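Reading through the structure tokens given below for one structure.
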Amino acid sequence: MEEAARGSLLDIESLEAAELLTLLRSARRMNPLRPRPLLRGKRVVLLFYESSTRTRSSFEIAAKSLGAQTVLVQASGSSIEKGESLLDTGDTLRAVGADVIVIRHPSSGAARVMAAHLDIPVINAGDGMHEHPTQALLDAYTILQHKKSLKGLQVAIIGDIVHSRVARSDCHLLSKLGAKVVLCGPPELAPDLAATIAPGVRVTRHLEDALRGTDVVMLLRVQKERLAGLKIDLNQYIVRYQMTLARLKLARRDAIVMHPGPINRGLELAGDVADCPQARILEQVRNGVPVRMAVLARALGK
Ligand code: NCD
């Protein structure tokens, strides 16, 4: 396969720790309230084949804060509905003058296929059940606002691991930067095999085991749209795994609660956990903007 253009961001797995730290450092210098015209005259195309609220709006605000123009192309309402292929769509967007393409797609590997085909940088905004690299970066950025370092930190990721591109990207990033990751959920959602995602990752079925001594409690949405064929009893899930304020007490007293969103109150977490003082869920969303500014600036060599 052809190589992706310089500045592409397709996954976390293939990046070195040093590159990740450089991106995080660059994000810390970005301030959406003080726009910098680093990308003036550039066109950022947001190509979304799947629904999105946070990722899409923060990429758009990030691009505009850097002075770029943005164009949103969604599957519904575009020629994708008429059967245009992924690569033909890529060629079309390149021909109208895209300088970078941010793509979200339901198939794992779609961003890499697009990047191999085009001579402009491609940024993966979530591909199927594979990776969501900018989410992992903003997660690390958020953790580092509250904890001195990721080295030796214990991070429990609880819920629907198997369908989660966020969990995969987080496992890679956190393990590269020295954190210990514990994945927790029922076998259908957190299979033993998940421990092989990255070095130093372990799987447990027991919430208490995952929570004891943990610095970060990261909850994942139960992805109902991807559960077809799996025998998941959601009531059982709630009984065993729903995060409640009482259960949260098992974690370290200074533990923070995270969730990539969208949250399902009353399913993976009780509503009062989402609103408790330890919750950093909206901070994560806010941090998506400077992180994506850094990723877009890197894409265009700034
Ligand atoms: C997630 C996604 O789409 O991967 N959300 C996000 O981008 N913050 C997670 C999800 O859909 O549950």
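Answer with yes or no whether Thr244 is away from the ligand (no atom under 16 Å from the Cβ), open to solvent by less than 60 Å² (accessible area, probe 1.4 Å) and under 23 Å from the mean Cα position of the chain (by Cα).
no
Suppose we keep only residues that are part of a loop (DSSP other than H, G, I, E, B) and either in contact with a His (Cβ under 7 Å, 6 or more places away or on another chain) or not charged (D, E, K, R) (or both) within segment 37-49. Which one would you say is farthest from Ile103 (Cα to Cα)?
Among residues in segment 37-49 that are part of a loop (DSSP other than H, G, I, E, B) and either in contact with a His (Cβ under 7 Å, 6 or more places away or on another chain) or not charged (D, E, K, R) (or both), the one farthest from Ile103 (Cα to Cα) is Gly41.
Within segment 109-142, can you find the residues that are surrounded by fewer than 20 Cβ atoms within 10 Å (Cβ to Cβ), within 13 Å of the ligand (Cβ to nearest atom) and touching a residue at least 40 places away in the same chain (Cβ under 8 Å)?
Passing the criteria: only Met129.
Going by the conditions given, is Arg34 part of a loop (DSSP other than H, G, I, E, B) and on the phi < 0 side of the Ramachandran plot?
When the stated conditions are applied, Arg34 passes them.
Have a look at Gly97, Gly77 and point out the one that is open to solvent by 30 Å² or more (accessible area, probe 1.4 Å) and either in a helix (DSSP H, G or I) or out of contact with any Leu (no Cβ under 9 Å at 6 or more places or on another chain) (or both).
From the options Gly97, Gly77, the qualifying one is Gly77.
Which is surrounded by 13 or more Cβ atoms within 10 Å (Cβ to Cβ), touching a residue at least 40 places away in the same chain (Cβ under 8 Å) and touching a Pro at 6+ places or on another chain (Cβ under 6 Å), of Leu9, Leu38, Leu15, Leu23?
Answer to the selection: Leu9.
Could you please give the count of residues in segment 39-71 that are within 16 Å of the ligand (Cβ to nearest atom) and either farther than 16 Å from Asp127 by Cβ or not small (Gly, Ala, Ser) (or both)?
15
Which one of these does Ser175 not meet: (1) assigned to a helix (DSSP H, G or I); (2) closer than 19 Å to Ser26 by Cα?
(2)
Quick one: Asp91 ticks every box in (1) within 17 Å of the chain's Cα centre (by Cα); (2) assigned to a helix (DSSP H, G or I) bar one, so which box is it?
Condition (1) is where Asp91 drops out.
Conditions: (1) open to solvent by 40 Å² or more (accessible area, probe 1.4 Å); (2) of a type outside the set (Ser, Thr, Tyr); (3) outside any loop (DSSP other than H, G, I, E, B); (4) under 20 Å from Asp119 (Cα atoms). Glu60 meets all but one. Number of the miss?
Glu60 satisfies all of (1) open to solvent by 40 Å² or more (accessible area, probe 1.4 Å); (2) of a type outside the set (Ser, Thr, Tyr); (3) outside any loop (DSSP other than H, G, I, E, B); (4) under 20 Å from Asp119 (Cα atoms) except (4).
Report whether or not Gly229 is more than 16 Å from the ligand (Cβ to nearest atom), assigned to a loop (DSSP other than H, G, I, E, B), within 24 Å of Glu16 (Cα to Cα) and not basic (Lys, Arg).
It is false that Gly229 is more than 16 Å from the ligand (Cβ to nearest atom), assigned to a loop (DSSP other than H, G, I, E, B), within 24 Å of Glu16 (Cα to Cα) and not basic (Lys, Arg).
Where residues in segment 143-172 are in a helix (DSSP H, G or I) and within 12 Å of the ligand (Cβ to nearest atom), which of them is most open to solvent (accessible area, probe 1.4 Å)?
Arg168
The values are calculated or read from the model by the stated rules, or taken from the named source; none is laboratory data. Fair warning: this is a prediction, and the values are worked out from it, not measured in the lab. Here the Cβ is made from the backbone with ideal geometry for all residues, glycine too, and neighbour counts use every protein chain on show. SASA here: full protein model, heavy atoms, side chains in, ligands and nucleic acids out. Shrake-Rupley method; radii C 1.70, N 1.55, O 1.52, S 1.80 Å.
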